[in-house]
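Shown next, in structure tokens, is the structure this report addresses.
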Amino acid sequence: MKLLRLKFNVPFRSLAAGFEMHFLREWDRDRFDEFHPYCLAGRNGSGKSNVLEALAAIFYHIECIYLDYRPDRFEFDEETNPDGFRAELCTPDAFELEYLIPDNAAKRENVIAYYKGHLVAHIRITKEAGQRPVIRYSAGFPVSEEAGAELSRQEVKSYLPKYILGYSSGHNEILSLPFFKMRFIHFDEYRDHVTKDLPYDGRPEGRMIYLDDQFSQAILLCHFLFPSEAVTKVFAEKIGLRGIRRFRLIIRRHHRLPLAAERLESMSPEEQKDPTKNTVELTDKLAGHFNEKDELQLRLIDKLIKCSSTHYSDDSAYPDGGGFDLYLDYWVDEATRDSFQVHFGDASGESEELSKAKSALNLFQSLQTLLTLNHYQVSDETKAELYQSGSLYVNETIPMPASHERIMRFKDFEIVKDGVTEKLYSKALSDGEHQLVHTIGLCLLFRHEPALFLLDEPETHLNPDWRAAYISTLRHAIEADETTRRVMREVLLTSHSPFIISDCRRENVLVFAKNQETREVSWSRPDFETFGASANAITMKVFGQTETIGDFAMAKINKLRQRLESGEDPDELIHEAGTELGDSVEKVLFVNQAIRRKEGQ
């Protein structure tokens, strides 16, 4: 997708009603098929993250309206659930959003629009306060001046971003909240399919995914089991990671759920009282089953077993026979990769690079389902509170089971890294290395999809060298080959780093500012070319920081200047500055001032 315009007609966080942003402008539209991330810059508290939060909230709301499955306790009911989900109420509750998205010729009976070799659709989403959103389609060239026809329920799903992906380096819980809501919808979707014995295809319906710490190992695993040139270029050249030597998966098959009422009603009174018959094990839909021909149909757990180097079951923790732990050990060699290719590979891509990307994503989504089950301990009351919340502190509210209590966990995840000869586990990576794995690894996984990436300060833990190379590294990940280079994706990131801004074109840098008196948030594009500008120039012009040194050091220079004005010997002050201070523009200016004072005397 490619964003065109976003407008709020009611206040949202620090953004006032009437706040409007324009992304791909008319004179930039020839570049719509090129990769140019938007960098939202500005001081802390200037409102830039609110844009990412709003987009996450809007697409969550649209997604919920058009999901085929929604949990029963999620729905609005005037008597039993008056705070439940309603299509007419959203946060923000009135907005206008326009974007471009790849079109589907098979879905269009009339006009279709090709532009620079792309089939392009122009989507307009309008929501008035208290009203259901209206989603309209028109063929784009790349944009259309016509409002377009309203899409049907079935058509809407084809014209939303294929995925909405979120990441935050800190605790931006307003950004993560919609994603966690969707994560619990994913869990309830799976649970209801288990308890009602409905077919489940192995992955959640929803398209919103938030990457937090528990996904780090899954990301690495998917990339190194389906290695490509893009993966090697990012992980090997930047971090020195060459692969995974071995790892263990532990799947707990012990947690039982009560059957749905309709299934219980069909059972005899004796069966209804029997725990082995009136309950079902949580991972049941992920394990194989026999069809009417008595043929075993492999599911996720069976495939993981077949890919393992060795495996065994341990029921010692369950003396009452209520379950067992499945241990799967993998020694990662060519045979292991071939096995994963057989069971998770996808060869439908137009190129080898695209096929590997599809395969890695296929495996990731399978692991995502297992990781989602780790939220099994969250109560229905907590989930109901989360669904209805607009500002809930997720990390303080949602419990994560201890490692040994999780449905699925990684262990002994040994990696191969340049210069390290002893055993090295993935948890030993530095904060910066973890962050690069998270953010760039996320983009690598979805590089072939028309997705929306919302990255909140993805470079905070990186050293200056990695910050300077972040956008070019991201570009290598996104534009792996000609096929992935042409994907219509959108990347929005917030940043305080002048190195990030220096690698973004002026038209893609959106500078936020907040008026300290009125508290009004505004944005503008820089009045100078940011691409290739020096870090000092960007620091001064974008962040309003005129000094190139820290406040404590600047205070020292100001004291030296005061002593000079009070009549102290300039030579002694110059010597003191040279002894205590490193090289800086501010030091040079003071020394020149002292020399002029000496010559004037």
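Here, each number is a calculation from the coordinates, and none is a lab measurement. Because the structure is a prediction, the values reported are computed rather than measured. Quick reminder, even Gly has a Cβ in these numbers, built from the backbone with ideal geometry, and neighbours come from all protein chains shown.
At most 15 other Cβ atoms within 10 Å and a DSSP loop assignment: could you name the trypsin sites (Lys or Arg not before Pro) in the stretch 263-365 that fit? Please list the in-between numbers first.
Numbers: sites: Arg263, Lys273, Lys277, Lys285, Lys293, Arg299, Lys303, Lys306, Arg337, Lys356, Lys358; in loops: Lys277, Lys293, Arg299.
Filter output for the stretch 263-365: Lys277, Lys293.
Lysine pair count for the stretch 1-152 with Cα-Cα distance under 25 Å and sequence separation of 8 or more or different chains is 9. Filter the trypsin sites (Lys or Arg not before Pro) in the stretch 114-221 to those in DSSP coil with at most 15 other Cβ atoms within 10 Å of their Cβ, and list the result. Answer by residue number: Lys116, Lys196. Taking other Cβ atoms within 10 Å as a rough exposure proxy, Ile471, Ile549 sort from fewest to most as Ile549, Ile471. Taking only the Cα atoms of the stretch 321-447, the ratio Rg/Rh comes out at 1.01, with Rh defined as the Kirkwood radius.
Can you give the calculated 222 nm mean residue ellipticity of the chain, where each DSSP H run of n ≥ 4 adds -39,500 (n - 2.57) and the sum is split over every residue, rounded to the nearest 500 deg cm²/dmol?
Calculated at 222 nm, the ellipticity per residue is -10500 deg cm²/dmol.
In this Cβ point-charge picture (+1 for Lys and Arg, -1 for Asp and Glu), the chain has a dipole of about 980 debye about its Cα centre. Dipole magnitude for the stretch 489-601: about 360 debye, using +1 per Lys or Arg Cβ and -1 per Asp or Glu Cβ, origin at the Cα centre.
The alpha-carbon of Lys383 sits under 16 angstrom from the alpha-carbons of these lysines, leaving out residues fewer than 8 places away in its chain: Lys181.
In debye, nearest 20: dipole of the stretch 551-600 around its Cα centre with unit charges on the Cβ of K, R (+) and D, E (-)?
Working: 8 positive and 11 negative charges, 34 e Å.
The calculated dipole for the stretch 551-600 is roughly 160 debye.
Projecting the Cα positions of Phe247, Ala577, Ala129 onto the charge dipole of the chain (unit charges on Cβ atoms of Lys, Arg, Asp and Glu, taken about the Cα centre) puts Ala577 furthest along the positive direction. Which aspartates and glutamates have a Cα lying under 17 Å from the Cα of Lys559, excluding residues fewer than 8 positions away in the same chain? Cα-Cα hits under 17 Å: Glu547, Asp551, Glu568, Asp569, Asp571, Glu572, Glu576, Glu580, Glu586.
Between the stretch 61-90 and the stretch 212-265, the alpha-carbon centres lie 31 Å apart.
Using every pair of separate Cα atoms, the Kirkwood estimate puts the hydrodynamic radius of the stretch 551-600 at 10.7 angstrom. When the charge dipole of the chain is built from unit charges on Cβ atoms (+1 for Lys and Arg, -1 for Asp and Glu) and taken about the Cα centre, the candidate among Ile58, Leu4, Ile301 whose Cα reaches farthest toward its positive end is Leu4. Rg and Dmax, both from the Cα atoms of the stretch 495-599 and both in Å, are 18.3, 51.
Put +1 on the Cβ of each Lys and Arg and -1 on the Cβ of each Asp and Glu in the chain; which of Leu100, Ser389, Phe499 then has its Cα farthest toward the positive end of the dipole? Value: Phe499. Calculated on C-alpha atoms, the gyration radius of the chain divided by its Kirkwood radius gives an Rg/Rh of 1.03. Qualifying GluC sites (Glu not before Pro) in the stretch 368-461, where qualification requires a DSSP coil assignment and no more than 16 other C-beta atoms within 10 Å, comprise Glu422.
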